[in-house]
Amino acid sequence: MIKVKAKKHLGQHFLKDKNIAKKIADGLNSDLNHVLEIGPGMGILTQFLTEKEYPLSVVEIDNESVEYLKHNFGDLNIIEGDFLKLDLQKFGNKIGIIGNFPYNISTQILFKIFENRNRVSEMVGMFQKEVAERVVSPPGSKIYGILSVLLQAFYDTEKLFTVEPGAFHPPPKVRSMVIRLTRNKTEKLACNEQLFVKIVKASFNQRRKTIRNSIKGITGNNNFQSEFLTKRPEQLSVDEFVKLTQEVEGYLSLE
Ligand code: SAH
């Protein structure tokens, strides 16, 4: 069967290098009940995943790729559609997510993993290097941001390896990096989680401003006091955002 023609609007950059595909597939190492590959394309990664013990499903939006997969992988469970619209509930819990992801929806994939943090135990994925670096970044760095805080609150994050553009067809304009997220032991944060998300987002949406200014919309124009008010968001660790959220919670309940 002829190969799939790469479509730019679907973020299609097919991996050519089988050794890299194998390394990604070998990256999942938790005890998982189900593995979901996002964007299998022509299945370079899928072929290694089908050799593993866990049940596997793949979700692919591109009809041409789906036809290719049906033709080349006999009994693969293929879901034709958009990962972003997929209800992960049907895969139970202890799900692993893996893929050489479409870069145009990287951050949406990561937010979806965050939202499904009690189902998704592990993720191994290829991102554009800049996005990957942001996810694993510690506090104090310019690239530390919303996704770093939200994901690191619930996942241990690790860089696995970088991949050069030449490993893909067609080559992307950016370098790539494979990272791993492994669910940590935190079941619930020691604060209101919705408020935590709101505060983290508000803080980084105006990252040059102090926390005092950024969270005014949440606390109101008031005399809320906290040791963090004169800081900028990149200076706060996950635990400090939790502490700040507790303080805001206390303040709002007294108002
Ligand atoms: N894993 C393959 C293809 C990577 S390219 C390889 O390494 O060669 C990214 C893939 O994601 C493409 O196959 C593209 O069609 C698919 N894709 C893009 N948007 C998607 C979405 N919203 N849901 C599921 N798959 C998507």
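Quick notes on this one:
- Put a dot 7 Å past the Cα of GLN89, heading toward its Cβ, do the same for ASN223, and the two dots end up 4.7 nm apart.
- Beta bridge orientation in the chain: antiparallel %, DSSP, nearest 5: 50
- Choice from ASP156, ASP62, ASP75 showing the highest fluctuation, given a GNM over the chain with Cα pairs closer than 10 Å: ASP75
- Tail fraction, Cα-Cα pairs, the range 193-254, threshold 13 Å, whole percent: 55
- Rounded to the nearest 20, the size of the Cβ-charge dipole of the range 7-92 about its Cα centre is 280 debye, with Lys and Arg at +1 and Asp and Glu at -1.
- A cut-off of 5 Å between modelled amide H atoms, ignoring neighbours fewer than 5 places along the same chain, links TYR155 with ASN184.
- Here the chain is assigned +1 on the Cβ of each Lys and Arg and -1 on the Cβ of each Asp and Glu. Its dipole about the Cα centre then comes out at about 880 debye.
- Packing-based ranking of 117-124, 221-228 yields 117-124, 221-228, ordered from highest to lowest mean Cβ neighbour count within 10 Å.
- Within the straight-line cut-off of under 20 Å between alpha carbons, the lysines reachable from LYS8 are LYS16, LYS129, LYS173, sequence neighbours fewer than 8 places apart in one chain being disregarded.
Laboratory data are not the source of any read-out in this text; all were calculated from the coordinates shown. Not measured: the values here are computed from a predicted model. All Cβ positions, even for glycine, are placed from backbone atoms using ideal geometry, and neighbour counts span all protein chains on display.
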